[in-house]
Structures are given as structure tokens and as C-alpha cells.
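These notes are about the structure you will find just below.
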Amino acid sequence: MVGSPHASARRSSAQLASAQFAKETGSRGEFVRQGNRFTSRITADGSSGWKAEPGRYRLVWSRACPWAHRAVIVRGLLGLEDAISLATVDPIRDERGWRFSLDPGGRDPVLGIEFLAEAYLATDPEYDGRVTVPCLVDTRTGAVVTNDYPQITLDFSTEWREFHRPGAPDLYPEDLREEIGRVADLIFRDVNNGVYRCGFATTQRAYEEAFDALFGRLDWLENLLRDRRYLCGDRLTEADVRLFTTLVRFDAVYHGHFKCNRNKLTEFPVLWAYARDLFQTPGFGETVDFDQIKRHYYLTHHRINPTGIVPKGPDLSGWTTRPDA
Ligand SMILES: N[C@@H](CCC(=O)N[C@@H](CS)C(=O)NCC(=O)O)C(=O)O
């Protein structure tokens, strides 16, 4: 159990909120994402100090967050639900950050904390970055082991293999690792993080650079996927999961809220069919919560949506139409 006092979570999160925007804005008004503070690995043999053991770690996510969403999809595809438990934060952060207000009594029933900041501060009392999801918390000590989102999913695939369900897909096959890495890097830069670079730019130039890179990359993906079902060929991989969590939020939030509005996803015929194919694959669509996604983005980024009005649209019913329709 983590015992750090509520008051210290309140104080530090308020400090974070005010300092953060400045910290993540570069000299030309561009968004600069913070690094991940906790980067320990959970390994099959425990040589890192953290051994993969069923029931020991708790994955904390927000249904709204694309980076956390990846981890939940991969966990589900691999059948790790019984091995790694899941804590879900409220999609709306207050000035103290992510909170467990969806749980009875407003506390995570396993970690016993009200705010995720309590776990971060219990692990590093000097922590002064953003308190982010996803993270894996050791339930024995309450320590945050990792918030290194790209590594978390790769380790689910490679270090937790013993606990995968029979017949689980290999999302990170050795023969495709180089290709997965190459395509995932481009997608991270221009698409996953690219939408944030559009939304959080503070100069016209920084916004337009991010916008052009984003739509240039979406055009490239539209072309790439013309003759293949998945990004790396005929096998579903980690790269597809990473692209999916941005695509599924695209029309609902990025198009309007982040001004990524050259086109909607539904106007890219190939990408739209690809995204629907994934959405309708077991393990994907059922993890998507459009209501929480919309409320999170429009209600927590006060600087870019000061009125807090959540748009009624768009019509999202197309996600369940056949990909070949
Ligand atoms: N750990 C990464 C990525 C994860 C991330 O950005 N998660 C967001 C939600 S989508 C978050 O937890 N934000 C909390 C905050 O900004 O206070 C980072 O710090 O950039």
C-alpha cells in the first residue's frame, strides 16, 4: 500500500499543472513531450530487480489516453488479464491530476490511493514532472516500476510470454522487429505525437509544421496499406496497436480539438477501412470508450478549450460498419 498523504499529492500536482505547459513548449512554440521518469523493466528472469509474476503488478490506465490504451489492448490480445490487474482512473483530472474517483470511496481498491500522484511521490518524493498513465505499480510496495509506455507493451510480448494465453498472437516477432521499429518511429513522430504537436503548438509556424508532417504521414500510410492488411504485412503487430489508438481518437477529438482538420479519418478510404478492421477485431473495439475520450480531451485541456464545451458530434456509428463497405 502507498501511504503518502493526500495533501502532498495536492500540493505537487498544482505545482505541476502551472509549470508543465512552459516546460513542454520549445523556443519556437513547438510541443516537446517530457521523458519517462520510471524506466525499470519487468523481466521474465527478474534480473532487472522486477520479476514477471502473476498478481504482482497493477496497470494504471485512463480509457481516454492513447498511450495507456495501447497497453490495455496488448494485455488483452495476449491474455494477460489474470496476470496483470487493471486500475482505471477518472477521465477528468482535477488540479491534483489523475484520480481513482470511479472506484468505491474514490480509492483504488488494491493500491489504496486516491490520486495516482501518491504513487509517483511515494516512489520519488522529488518528482516534479507530469503524473502520467500508463504505469505499472508494484502492489507489494506501491512503487511505480515503469511509466515507459513504449517498453511496457514490448515487455508484455517478450518478458511475460510464460503467462500468455494459448494461441496468443506474437505482436513482436523477431523477424519483423526492425520493420516494426522503423514504422513505429515514423508513426510516433508524425502521428501519435504529431496530433499533440498540432494541438499544443503555441505558434502558427509550429502548428503548421506539425500539421503538414501529420497529413504527409497519413497520406503515406494510406498508400502503404493499399496492398497489405497490416502495417508490416499480413501479421498483426505492435505497430498496428500503436497506430490504432491514435486513429480511433482522430475524428472524435484530434480533428476538432487539436485542429488536425485537413481531413477526417473517414475521408481516407484505405485507412478508414484498416481502422474499422482493427476496431472489429476482438480485443480492440471493446476497449474504446468514445464518451470518456471526448470528455477527457475537451474538459481537461483548459488552455485550448476554455469553455469546456464537449461537442455533440461527430457521428461515430460508422465504426461498426463493415470495413469493405
Ligand atoms: N509518459 C508519457 C506519455 C503518457 C501520457 O502523456 N499520458 C497522458 C494522458 S494521454 C497523461 O497521463 N497526462 C497527465 C498530465 O498531463 O498531467 C509522457 O509523459 O509524455
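Summing charges over all other residues whose Cβ lies under 15 Å from the Cβ of Ser48, with Lys and Arg as +1 and Asp and Glu as -1, gives -3. Let me see the pair-distance distribution of the chain: every alpha carbon pair, 20 Å bin width, integer percents in order. Cα pair-distance distribution for the chain, in percent: 31, 61, 8. Given their separation in residues at 0.36 nm each and the Cα-Cα distance between them, Thr307 and Leu102 gain 71.4 nm when the chain is fully extended.
The alpha carbon radius of gyration of the range 174-320, expressed as a multiple of 2.2 N^0.38 Å, is 1.04.
Applied to the range 221-227, the Karplus parametrisation 6.51 cos²θ - 1.76 cosθ + 1.60 on θ = phi - 60° returns per-residue 3J(HN,Hα) values of 5, 4, 6, 4, 7, 4, 10 Hz, with x for Gly and Pro. Each part gets one Cα centre, and for the range 75-122 versus the range 258-295 those centres are 25 Å apart. Each 5 Å bin from 0 upward holds the following percent of the Cα-Cα pairs of the range 5-163: 2, 9, 18, 22, 21, 14, 9, 4, 1, 0. For the chain, modelled as a GNM whose springs connect Cα atoms under 10 angstrom apart, the maximal fluctuation among Leu231, Leu186, Leu136 occurs at Leu186. Remark: the range 283-300, residue by residue, has Karplus-estimated 3J(HN,Hα) of x, 10, x, 6, 9, 9, 10, 4, 5, 5, 4, 5, 5, 4, 5, 6, 9, 10 Hz, where x stands for each Gly or Pro and the curve is 6.51 cos²θ - 1.76 cosθ + 1.60 at θ = phi - 60°. A cut-off of 5 Å between modelled amide H atoms, ignoring neighbours fewer than 5 places along the same chain, links Cys135 with Val60.
Each value in this text was obtained by applying a stated rule to the coordinates, not by laboratory testing. No experiment lies behind these values; they were computed from the predicted model shown. Heads up, the Cβs are rebuilt from the backbone with ideal geometry, glycines too, and the neighbour counts pull from every protein chain shown.
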